[in-house]
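What follows draws every value from the coordinates through simple rules; no lab data is involved. No experiment lies behind these values; they were computed from the predicted model shown. Cβ atoms come from the backbone with ideal geometry, glycine included; neighbour counts cover every protein chain shown.
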Amino acid sequence: MEIRGLKNRYIFGGMALVIVLGGGMFFLRAPVLLVTDASFNALYGLRRAQVKRIEASLKLFRQVKPVLVADNAEPEMVAFAVEEKARDPYCVLFPYRYYEGAEGYAERFPRVPVIVLGGRNRDPGLEKAVFIGTDVETDFYRAGRCAAILALGQGPPEDQAPQGRGILFFQNREFSAAYKQRFLAGMREQGFEQEPIYVNSTSDYSDIKNIACVVMIERVSAFLERNLKTPVILFSWVDPNLTATGIKLIFDDSPWALAAGAVSGAVWKEGEGYIPSEMLFPARRLSNKEVLRNLKEVMRN
């Protein structure tokens, strides 16, 4: 019994030592810094940003620290704020609107990997920093598949005749012909053969009696305020808890959503890269478990 008790003490002591050493390494490793501002925090949600910071820290096994700067701060002030936050960070992430500050910081600290998270913007011609954009083609392909799943989930497939319930897409000027092809390919992959209805985001579209799903590149308030039961897919950074209950799926390509993937994929190489948006399913908005399972399967492929 004494031998067994001694053995157990060694085991628990060893486990405690591993935890202490692991925790020490976590806090001693150089941090990742992410530049943010009050306007973004108001849209994204401060508590949500804190949760995402913890998630990213755990994924990277090092602290991810926000660097709060004034809205639309001058490039020099952005670079200075980053320098003050940590003298020798592992990596620094800048939102696209602060890419000039990123270039300035990268020039002063060439040994620190600097990443600009560009979203759907194009590379502005960065020379020192690495540009990581949103993989928009993958996003729209997945959105097409998800729209078809939600549309078909409203009724049996045999009811989806050409004159039946279709998919409405609120587009903007960013939505190119190539993106339309990817969206259409996703729909066809899921077996939805009707042509989507494309309207501008500024349109007051009201003929929705034959619409089974709506996709929005940006929030169309006039449509959402009508409190319709039609399921909506939204591309947005907004806090899901503040969205209308009709929104069943959100594509989020915010800096916090892409931070861990950008760091793990781009720190050790030069050039540019692209990452798909994070797919979010606001809690308790999809009662059909099979539909939800099919949507999450799209996220994994």
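Overview of values
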item: Per-q log10 I(q)/I(0), region 83-237, q = 0.10 Å⁻¹ (Debye; single scatterer per alpha-carbon; no solvent); result: -0.49
item: FRET efficiency, 1/(1 + (r/R0)^6) with R0 25 Å, evaluated for ARG173 and LEU242 via beta carbons; result: 0.45
item: Burial ranking of peptide ranges 243-249, 226-232, 68-74 (average Cβ count within 10 Å, highest at the top); result: 243-249, 226-232, 68-74
item: Computed E for ARG120/PHE27 - FRET, C-beta separation, R0 51 angstrom, nearest 0.05; result: 0.90
item: Cα-based Kirkwood hydrodynamic radius, region 175-301, one decimal, Å; result: 16.5 Å
item: Extension gain (nm, one decimal) between ALA38 and LEU68, 0.36 nm per residue minus Cα-Cα; result: 10.1 nm
item: Farthest toward positive dipole pole in the chain [+1 Lys/Arg, -1 Asp/Glu at C-beta], among ALA73, ALA178, PRO231; result: PRO231
item: Size descriptor, Kirkwood hydrodynamic radius, that averages inverse alpha-carbon separations across the chain, Å; result: 21.4 Å
item: Relative packing of 83-89, 216-222, which averages over residues the other C-beta atoms within 10 Å, highest first; result: 216-222, 83-89
item: Helical segments meeting 20 Å axial Cα length and Kyte-Doolittle -0.5 threshold in the chain (DSSP H); result: 2-28, 46-60, 136-152
item: Burial order of peptide ranges 204-211, 174-181, 93-100 (average beta-carbon count within 10 Å, highest first); result: 93-100, 174-181, 204-211
item: Point-charge dipole on Cβ atoms (K/R +1, D/E -1) for region 138-248, about Cα centre, debye to 20; result: 100 debye
item: Contour excess over end-to-end distance, with Cα ends at LYS296 and THR138 and 0.36 nm allotted per residue; result: 55.4 nm
item: About the Cα centre, charge dipole magnitude for the chain (Lys/Arg +1, Asp/Glu -1 at Cβ), debye; result: 1380 debye
item: Alpha carbon convex hull of region 160-243, projected area averaged over orientations, nm²; result: 6.0 nm²
item: Gained length - PHE281 relative to LYS209, 0.36 nm times residue gap less alpha-carbon distance; result: 23.4 nm
